[in-house]
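Here the structure is laid out as C-alpha cells; the discussion comes afterwards.
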2 protein chains.
Amino acid sequence: MKIGILGYGNLGRGVEKAVNASSDQELVAVFTRRDPASVKIASPGVKVLSVDALNDMKDDIDVLILCGGSATDLPEMTPKYAAAFNVIDSFDTHAKIPEHFAAVDEAASKAGKIGVISCGWDPGMFSLNRVYATSILPEGEAYTFWGRGVSQGHSDAIRRIEGVQDARQYTVPVPEAVERVRRGENPSLTTREKHTRECFVVAKEGADKARIEKEIKEMPNYFSDYDTTVTFISQEELDANHKGLPHGGSVIYTGSTGDNKHVIEYSLKLDSNPEFTGAVLAACARAAYRMNKEGMSGAKTMLDIAPAYLSPMTGEELRSHYL
Amino acid sequence: MKIGILGYGNLGRGVEKAVNASSDQELVAVFTRRDPASVKIASPGVKVLSVDALNDMKDDIDVLILCGGSATDLPEMTPKYAAAFNVIDSFDTHAKIPEHFAAVDEAASKAGKIGVISCGWDPGMFSLNRVYATSILPEGEAYTFWGRGVSQGHSDAIRRIEGVQDARQYTVPVPEAVERVRRGENPSLTTREKHTRECFVVAKEGADKARIEKEIKEMPNYFSDYDTTVTFISQEELDANHKGLPHGGSVIYTGSTGDNKHVIEYSLKLDSNPEFTGAVLAACARAAYRMNKEGMSGAKTMLDIAPAYLSPMTGEELRSHYL
C-alpha cells in the first residue's frame, strides 16, 4: 500500500522509519508546509513535496498519515484530508476527541474513506487496554501511570521562562502509588500522589536560578499540583544525557469476580516515544487501507479495529503462530 | 441478550457469574449432559436442562457458551452447535486450532451464525497482545511466561500415579529468565530455563513416597523437562492452602525501531482462573451477538473482534471515558 506522510517533525520521522520497515508499505512522499527544498528526509529516493501537491494525488496515495500537532493542526487537517484520503492521526487532546471524531466522521463518510483518529499509545494502546479490562471485568478500576519519560509539553513550558536556555522535564510515577494499585488496594490518589516531575534546566549566563526554580514550581496546570524537583545543569550535560525522548507507563486494572480479585497490567518502556508512536500509526494505516477495501468508511479509533487488520500476516498465519 | 451455558464445571460456573454480573445479558438456562436434577446451579430461578432440550430452543438463545474440554468435547460440540446458534468456546489445544477453526467456520457460515473459538487468556488476551506487539514492532520477539498458578492438567497427571490421594501443581516462571527478557537481552531460553514446577502431593497411607516423587519427576512431557520440586503434605493442608485456582502470567515483547529498543509487557494476576476465563467468554458472547446482528457470520477468534464490540458501552461513551 502506498503511504504519504504529512509533516516531518519527530513523529513524521518515526512514521517514516516504521513505513520503511514494513514489507507491505511503500512511502510515496513526505509532504510539508515548509519549503520542500529545505527538508531533508531519511529515505533515499523518496520525494519531499509541498502540501499543495496533495490536491492532485488522490489516486497516488492509499493512506495519508498526518503528523501535525493536536492543538491547532489536526482539528483542521484531519477532516480536510479525510475528504479525499484514508487518513491516520494521533490527536491526543482527550477532552476534544468527541468533536474531532464527529468532524472526521462527517468528512470521511461522505468521501467513502476511513479516518482513524487518536492512534498511538495514550490515546491508543492504553485506551485498548482500559477497554479490554473493563469489558471483561465490569467491576473494577483502571489506573494509568505515565513515565518515567520526557514530556515535551512540560519541557517547552520551562523553556518559555525568562533566563532559561534549555530544559528537559521527566514525568515519574510515584513507586508507592504504583505498588498500592498493584496490590489491589484500589486507592483514591491525588494528582500529587501519582506522579512527580523532574526538571533539568540550563540557565542562561547570569540568570536568577532561584527565580526560575520558583516560577517552574508554581506554574499552574503544569507543575503546581506536583512535587517538582529542579536541577540546574550545563548545556553539555543536557546534550550528553537528556537528548533522547524515552517514555512509557502502565495501565493497571484491578477488578473482581465476586470475592476473587484480578490484576491486569499493561506497561510500555520506550526508548523513543515518537518512533513507537510512529510505528502504531503505520500499523493503523495498514488497517485503514484494508478496512476501506472491504467497504468500511467513516471515523474510527483503535477501539473499532479488529487486531488482525493491524498485522501484515494472514488470518491463517496469525492463528497458527500467535493465537 | 439471552445466554445459554452448556457444561457446568469450573468454567461453566465462571461464565454464570460473569453473565449474571453483566447488565445486558440474561442467563436463560444451563444445559448439561448429566441428569439435570443432579445439577444445582448458583442462579436462583434459572433452569437446568438436558442438552437435548437445545434442539427446540433455537429462537430462545442468542449466544450459547460452550464450557466443555478441548480434548474431546469442543472439537465435536462447537461445529455441531454453530449450525444453530452463535457459539463461544475456549478451545486451547494450540496445534489443532486451524482445523477446529475450519470446522466451525463451515458450520457457522452455512447457518449464518458466528462461532468465536479459543477465547480466554491464552489463547485469548495473551494472543491479542502478541499480535498487537508484533504488528507495531515487526522487528522483535514475544516471550510468554505462565504462572505462578495451578495447572489442572498437571495436577490431574499426578493424581493418576499409584499411591497418590490428591495433588496440586503450580507452574512458576523462573525470575531470572523474566528479568533477562525484561532487560531486552532477547535470550534463547530452554523449557527448563523458563519455568519450574512445584508439586504438593498427598500420599495414601503406606504409599512409597520416594517412588511417587521419582515417577513425577521423570514423567515425560509433563515434568521431565523441568526442574520439579515435590512436597508431601496432609490432605488438611492441601484443603486449607491449595484449594484455589489462581493463575496468570505475562507476555513480554521486546522490539526495536532501528537503534531504539522498546519493551511491551502484559501481565495477569488472577485469583481464579476459571472465573476470569468465564468473564472473557461472556464479553466475547456480547461481541458475537452484535457482530451477528450486523450481518457477520463464520468462525472468528478474538483477533477478529474490534475491542468496542466487547463492551456494553456505546462508542460515544468509550471515546469520552476510555480513549
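The values are calculated or read from the model by the stated rules, or taken from the named source; none is laboratory data. From a predicted model like this one, the values you see are computed outputs, not experimental measurements. Note: ideal-geometry Cβ built from the backbone for every residue, glycine included; neighbour counts use all protein chains shown. Just the protein is used for accessible areas: all its heavy atoms, side chains included, with ligands, DNA and RNA removed. Shrake-Rupley method; radii C 1.70, N 1.55, O 1.52, S 1.80 Å.
What relative contact order, as a whole-number percentage, does region A:73-164 give when Cα pairs under 8 Å and 6 or more residues apart are counted? Walk me through the intermediate numbers first.
On the way: 76 pairs, mean separation 22.8, N = 92.
Relative contact order, region A:73-164: 25 percent.
Roughly how many debye, to the nearest 20, is the charge dipole of region A:189-289 about its Cα centre, given +1 on each Lys and Arg Cβ, -1 on each Asp and Glu Cβ, and no other charges?
Numbers: 12 positive and 16 negative charges, 57 e Å.
Computed about the Cα centre, the dipole is about 280 debye.
In a GNM of chain A with a 10 Å cut-off on Cα contacts, which of A:291, A:125, A:219 has the highest mean-square fluctuation?
A:219
Give, ordered by residue number, each residue of region A:262-298 whose 1.4 Å probe accessible area is reduced by a minimum of 40 Å² on adding the remaining protein chains to the chain alone.
Relative to the lone chain, where solvent access is computed with a 1.4 Å probe, region A:262-298 loses at least 40 Å² at A:262, A:263, A:264, A:265, A:266, A:267, A:269, A:271, A:275, A:276, A:279.
Per residue of B:173-185, count partner chain C-beta atoms within 10 Å of its C-beta, then hand back the mean as an integer. Don't skip to the end; give the middle numbers.
Details: counts 0, 0, 0, 0, 0, 0, 0, 0, 0, 2, 0, 2, 0.
That average works out to 0.
With a ≥ b ≥ c the root eigenvalues of the C-alpha gyration tensor of chain B, is it rounded (a/c under 1.5), prolate (a/b larger than b/c) or oblate? Each step should come with its number before you reach the end.
Numbers: a/c = 2.01, a/b = 1.19, b/c = 1.70.
Judged from the Cα gyration tensor, chain B comes out oblate (a/c at least 1.5, b/c at or above a/b).
Using a 7 Å offset from the Cα along the Cα-to-Cβ direction at both residue B:21 and residue B:60, what is the distance between the two label points in nm, to one decimal?
Using points 7 Å along Cα→Cβ, the separation is 2.8 nm.
Before I look further, what does the protein assembly as shown give for accessible area per residue, probe 1.4 Å, in whole square angstrom?
Values: 26930 Å² over 646 residues.
Per residue, the protein assembly as shown has 42 Å² of solvent-accessible surface.
Taking the Cα centre of region B:1-110 as origin, work out the dipole magnitude from +1 charges on Lys and Arg Cβ and -1 charges on Asp and Glu Cβ, in debye rounded to 20. Working shown, then result.
Values: 11 positive and 16 negative charges, 71 e Å.
Dipole about the Cα centre, nearest 20: 340 debye.
For chain A, modelled as a GNM with alpha-carbon contacts under 10 angstrom, which of A:160, A:168, A:130 fluctuates the most?
A:160
Considering only DSSP beta bridges whose two residues both sit in region A:1-124, what percent are antiparallel, to the nearest 5? Please list the in-between numbers first.
Working: 1 of 19 bridges.
So the antiparallel bridges in region A:1-124 amount to around 5 percent.
In debye, nearest 20, what is the charge dipole magnitude of the protein assembly as shown about its Cα centre with +1 on Lys and Arg Cβ and -1 on Asp and Glu Cβ, if you could check?
180 debye
Out of all DSSP beta bridges in chain B, what portion is antiparallel? Express it as a percent rounded to 5.
On the way: 30 of 57 bridges.
Looking only at bridges with both residues in chain B, the antiparallel portion is about 55 percent.
Please give the direction-averaged projected area of the C-alpha convex hull for region B:127-246, in square nanometres with one decimal.
Values: hull surface 33.8 nm².
Its Cα hull, projected and averaged over all orientations, spans 8.4 nm².
Among B:107, B:71, B:203, determine the one that fluctuates most according to a GNM of chain B built with springs between C-alpha atoms less than 10 Å apart.
B:71
Could you tell me the relative contact order of region A:90-135? Use alpha-carbon pairs under 8 Å, at least six residues apart, and round to a whole percent. List each step's numbers first, then the result.
Values: 22 pairs, mean separation 20.0, N = 46.
Computed value for region A:90-135: 43 percent relative contact order.
If you take the accessible area of B alone plus A alone and subtract the pair, what total do you get in square angstrom, rounded to 100, with a 1.4 Å probe? Display every interim value, and only then the final one.
Numbers: alone 15990 and 16010 Å², together 26930 Å².
Adding both sides of the contact gives about 5100 Å².
Kindly tabulate the residues in region B:107-149 with an accessible-area decrease of at least 40 Å² between the chain alone and the assembly of all protein chains, using a probe of 1.4 Å.
B:125, B:131, B:132, B:134, B:135, B:136
My understanding is that a pair violates if its Cα-Cα distance is over 31 Å; which of A:110/B:110; A:217/A:243; A:17/A:261 do that in this structure?
Numbers: A:110/B:110 34 Å; A:217/A:243 23 Å; A:17/A:261 42 Å.
From A:110/B:110; A:217/A:243; A:17/A:261, over 31 Å: A:110/B:110; A:17/A:261.
Rounded to the nearest 5, what % of the DSSP beta bridges within the protein assembly as shown are antiparallel ones?
Values: 69 of 123 bridges.
Of the beta bridges lying entirely in the protein assembly as shown, close to 55 percent run antiparallel.
Can you list the copy-to-copy distances for residue A:96, using a point 7 angstrom from Cα toward Cβ, in nanometres, shortest first?
5.5
Please work out how much accessible surface residue B:270 shows to a 1.4 Å probe, ignoring ligands, DNA and RNA, in Å² rounded to 10.
10 Å²
Relative contact order, percent, of chain B when contacts are C-alpha pairs under 8 Å separated by at least 6 residues?
22 percent
Output needed: percent of Cα pairs per 10 Å distance bin for region A:1-88, bins running from 0 to the one holding the longest distance.
Over region A:1-88, the share of Cα pairs per 10 Å bin runs 18, 56, 26, 0 percent.
Using only the Cα atoms of region B:64-113, build the gyration tensor, take square roots of its eigenvalues as a ≥ b ≥ c, and label the shape rounded, prolate or oblate: rounded if a/c is under 1.5, else prolate if a/b is larger than b/c, else oblate.
oblate
Quick one: Kirkwood hydrodynamic radius for region B:72-145, alpha-carbon pairs, angstrom, one decimal?
Numbers: mean 1/r = 0.0754 Å⁻¹.
Computed over region B:72-145, the radius equals 13.3 Å.
Under the convention of a label 7 Å out along Cα→Cβ, give the distances in nm from residue A:141 to the same position in every other copy, shortest first.
Copy-to-copy label distances at residue A:141, shortest first: 4.0 nm.
Run the label-point distances for residue B:189 please: 7 Å along Cα to Cβ, every other copy, nanometres, shortest first.
2.7
Among A:119, A:88, B:274, flag the residue with its Cα farthest along the positive direction of the charge dipole of the protein assembly as shown, charges on Cβ as +1 for Lys/Arg and -1 for Asp/Glu.
In the protein assembly as shown, that residue is A:88.
Quick check: net charge around residue B:313, other residues with Cβ under 15 Å of its Cβ, Lys/Arg +1 and Asp/Glu -1? It would help to have the intermediate numbers written out before the result.
Values: positive: A:130, B:286, B:290, B:319; negative: A:139, A:304, B:24, B:316, B:317.
Within the 15 Å Cβ shell, the charges total -1.
Indicate the gyration tensor shape class of region B:239-323 (rounded, prolate or oblate), computed on the Cα atoms with a ≥ b ≥ c the square roots of the eigenvalues: a/c under 1.5 is rounded; otherwise a/b larger than b/c is prolate and the rest oblate. Write out the running numbers ahead of the final one.
Working: a/c = 1.96, a/b = 1.10, b/c = 1.78.
Since a/c reaches 1.5 but b/c is at least a/b, the shape of region B:239-323 is classed as oblate.
Restricting the calculation to Cα positions, tell me the Rg (one decimal) and the Dmax (whole number) of the protein assembly as shown in Å.
26.9, 89
Name the aspartates and glutamates eligible as straight-distance cross-link partners of residue B:204: C-alpha to C-alpha under 14 Å, and not fewer than 8 places from it in the same chain.
B:162, B:166, B:213, B:236
When the Cα centres of region A:93-121 and region B:267-323 are compared, how far apart do they sit, in Å?
Taking the Cα centre of region B:267-323 as reference, the centre of region A:93-121 is 23 Å away.
With a 1.4 Å probe and every protein chain kept in, tell me what percent of the accessible surface of the protein assembly as shown is carbon plus sulfur.
Details: 12410 of 26930 Å².
Percent of accessible area from carbon and sulfur atoms in the protein assembly as shown: 46.
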